[in-house]
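Trainee: The following block contains the structure, expressed as structure tokens.
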């Protein structure tokens, strides 16, 4: 099982619960440790969370086992691994593959493929923790956490917009400005379950972009997300008159590509378990690069 150890260096006495929270252990994870087979040990002795720590005390937590979820079927199709350590697995998702199973896509999502990989590797923890998601027809980087603690750490970074996400997109109509910021509120389009739109009273949303190449009819743009709304890039660029090519939902008359021309090419986050940033990059896939080569 997975274990972590810290030494308490604080001068004043501190409750074990507080110390663990300071080191990133959430309330939910504390409950799992208590009720699902984990352990909290101080100086070699198992203790409860109201125990008072003294300076120099050594605290070790052992996470409970995380068996596979039977709801997710196993797929043995290959995955393209960009980075892996004891805590995270980062993969390059192809277009036309969903992130998680649904009633439409049950057996061959990227989560199904990762589950098959975990089983083949015979990892202790088999539960699937997906950190970020991409639309089915968006390609690029997906982060999986290998245990609950790693997931909660990155979930917190996501909430505070501390994970850097960069995209490439091909949009209709050349952009005149080399750099632009789009600050337009987004929410669900009235009467639609799927579609989003720029709408008064929507959630604040910010997209930053840089033009990499222009043609008389297209722009290749590099994009940084400062918020994480559903379909944010697709909605923002449609709203300013530059919809993504191939986007069946926001640019239905364009058939230059059989999916929206959007690729998550870079992800950067802080890995506290190795105390350094992790940066992953993914090459633009062939279907997009073939269009770019014509620029």
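Since every read-out is calculated from the coordinates, none of them should be taken as a lab result. Source: prediction; values computed, not measured. Note that we place each Cβ from the backbone using ideal geometry, even for glycine, and neighbour counts take in every protein chain shown.
Trainee: Can you give the extra length, in nm with one decimal, that the chain gains between residue 222 and residue 258 once fully stretched, where that is 0.36 nm per residue apart less the Cα-Cα distance?
Mentor: 10.9 nm
Trainee: Further, regarding this structure: Given a Förster radius of 22 Å and the C-beta distance between residue 283 and residue 214 as r, what FRET efficiency does 1/(1 + (r/R0)^6) yield to the nearest 0.05?
Mentor: Working from the Cβ atoms, E equals 0.50.
Trainee: log10 I(q)/I(0), Debye, Cα-only the chain, no solvent, q = 0.08, 0.13, 0.14 Å⁻¹?
Mentor: Rounded to two decimals, the profile gives -0.43, -0.96, -1.06.
Trainee: Once the Cα atoms of helix 110-121 and of the chain are each reduced to a long axis, what angle between those two axes, in degrees from 0 to 90 to the nearest 10, is obtained?
Mentor: Helix 110-121 and the main axis of the chain meet at about 40 degrees.
Trainee: While we're here: Sticking with the crude label model, points 7 Å out along Cα→Cβ, report the distance from residue 41 to residue 86 in nm, one decimal please.
Mentor: About 1.4 nm, to one decimal.
Trainee: Return the single residue from 64, 272, 216 with maximal mean-square fluctuation; model: Gaussian network over the chain, springs between Cα atoms under 10 Å.
Mentor: Answer for the Gaussian network model of the chain: 216.
Trainee: How much mean residue ellipticity at 222 nm does the chain get from its helices, if each DSSP H run of length 4 or more adds -39500 (n - 2.57) and you divide by all residues, to the nearest 500 deg cm²/dmol?
Mentor: Result for the chain, helices only: -5500 deg cm²/dmol.
Trainee: At a 10 Å Cβ-Cβ cut-off, how would you order 166, 52, fewest neighbours first? Intermediate values should be presented prior to the final figure.
Mentor: Working: 166 18, 52 13.
Listed from fewest to most nearby Cβ atoms, that is 52, 166.
Trainee: Over the Cα atoms, compute the radius of gyration (one decimal) and Dmax (the largest Cα-Cα distance, rounded to a whole number) for segment 154-280, in Å.
Mentor: Answer for segment 154-280, Rg first and Dmax second: 15.5, 48 Å.
Trainee: Now, a different point. Relative to the first principal axis of the alpha-carbon coordinates of the chain, what is the inclination of helix 148-159, with its axis defined by its Cα atoms, in degrees from 0 to 90 and to the nearest 10?
Mentor: The two axes meet at around 50 degrees.
Trainee: Let me ask something additional. Put a dot 7 Å past each Cα toward the Cβ at residue 248 and residue 58; how far apart are the dots in nm?
Mentor: 5.8
Trainee: If I stretch the segment between residue 21 and residue 4 completely, what's the gain in nm (0.36 nm per residue apart, minus their alpha carbon distance), one decimal?
Mentor: Details: separation 17, 0.36 × 17 = 6.12 nm, distance 1.35 nm.
Length difference between fully extended and current span is 4.8 nm.
Trainee: Let me ask you something else. Calculated FRET efficiency, residue 206 and residue 271, Cβ-Cβ r, R0 25 Å, to nearest 0.05?
Mentor: With R0 = 25 Å, the Cβ-Cβ based efficiency is 0.45.
Trainee: Same structure, new question: Enter the per residue convex hull volume of segment 1-158, computed from alpha-carbon coordinates, in Å³ rounded to the nearest integer.
Mentor: Normalising the Cα hull of segment 1-158 by residue number yields 118 Å³.
Trainee: Let me ask something else. Multiply the residue gap between residue 124 and residue 70 by 0.36 nm, knock off their C-alpha separation, and tell me the result in nm, one decimal place. Please list the in-between numbers first.
Mentor: Values: separation 54, 0.36 × 54 = 19.44 nm, distance 1.58 nm.
Extending this stretch completely gives an extra 17.9 nm.
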